[in-house]
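Working notes, structure below.
Computed from the coordinates by the stated procedures, all read-outs in this text should not be read as laboratory data. Just so we're clear, the structure is a prediction, and the values are computed from it rather than from any experiment. Cβ placement follows ideal geometry from the backbone for every residue including glycine, while neighbour counts extend to all protein chains displayed.
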Amino acid sequence: QKEVEQDPGPLSVPEGAIVSLNCTYSNSAFQYFMWYRQYSRKGPELLMYTYSSGNKEDGRFTAQVDKSSKYISLFIRDSQPSDSATYLCAMNSIYNQGGKLIFGQGTELSVKP
Amino acid sequence: SQTIHQWPATLVQPVGSPLSLECTVEGTSNPNLYWYRQAAGRGLQLLFYSVGIGQISSEVPQNLSASRPQDRQFILSSKKLLLSDSGFYLCAWSVGPAEAFFGQGTRLTVV
């Protein structure tokens, strides 16, 4: 079993839809949770960072962490064609100060005009 | 502010040729540095990471090596490239266990 599982998609939605992207994990020591956006042929860009549980909102993006279920989500409201990209979740534990993030496989999102 | 430079952006190399990819970070001291490889349509595979000058940890056995000759410089090398070394190579840095920041990547094609 992989430490982090993420549905690779592809996921296709119409413009304006609410998008839900999810990852599950198995390591209960994970405390740091990140979402990255990667456009084709570019490096991943950090979108959201959450420490421990709870929600965090930034504009149209909301990151949610449910540690009891070992489940994290990224919601995109009013999705735009410019949101079309691959979204990767990443996480790490407090015991790994060297910062080796564990990544999900990435979900490919396409927002159709 | 911190920036990361990675070059070249694209590279086409014949099988058996050497490789040297360079990454430098500006605006921070003693960062953790990473080399990742990403195959088409797949996730990120961590190849090497370094927590300090001369300290390199290898995550997977392979045809590649890494070096950190200076605090903010990370180099990925190979003596003889294989076809299977083709891929998208990404350098990244962090200063702790959380956020990591990536360069724009090098697309390597071995022919």
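A compact table of results
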| quantity | calculated |
| --- | --- |
| Max mean-square fluctuation residue, GNM over chain B, Cα-Cα springs under 10 Å, options B:29, B:50, B:77 | B:29 |
| Point-to-point label distance, residue B:20-residue B:39, nm (Cα→Cβ direction, 7 Å offset) | 2.9 nm |
| Residues B:74, A:30, sorted so that the one with the fewest Cβ neighbours within 10 Å comes first | A:30, B:74 |
| The range B:18-32 - phi-based ³J(HN,Hα) in whole Hz, Karplus 6.51/-1.76/1.60, Gly and Pro as x | x, 9, 8, 10, 10, 9, 10, 10, 10, x, 8, 10, 6, x, 6 |
| Mean Cα-pair separation over length for the range B:1-109, i.e. relative contact order, pairs under 8 Å, 6 or more apart, % | 35 percent |
| Amide hydrogen neighbours beyond the local backbone of residue B:81, cut-off 5 Å, H modeled | B:16, B:17 |
| Chain A - percent relative contact order, Cα under 8 Å, separation 6 or more | 37 percent |
| Cβ-based charge dipole, the protein assembly as shown, positive-most Cα from A:87, A:28, A:1 | A:1 |
| Spin-label pair residue B:73/residue B:3, simplified geometry with 7 Å Cα→Cβ offset, distance in nm | 1.8 nm |
| Using θ = phi - 60° and Karplus 6.51 cos²θ - 1.76 cosθ + 1.60, couplings along the range A:35-50 (whole Hz; Gly, Pro as x) | 10, 10, 10, 10, 7, 4, 6, 10, x, x, 10, 5, 9, 9, 9, 10 |
| Built amide H within the under 5 Å cut-off of residue A:105, gap 5+ | A:6 |
| Of A:63, A:29, A:85, the one that fluctuates the most in a GNM where chain A has Cα springs shorter than 10 Å | A:29 |
| Pairwise Lys count, the protein assembly as shown - Cα closer than 22 Å, eight or more residues apart or different chains | 9 |
| For chain B, size of Cβ-based charge dipole, Lys and Arg +1, Asp and Glu -1, in debye | 280 debye |
| Dipole magnitude of chain A about its Cα centre (Cβ charges: Lys, Arg +1; Asp, Glu -1), debye to nearest 20 | 200 debye |
| Cα centroid separation, the range A:63-80 to the range B:57-111 (Å) | 30 Å |
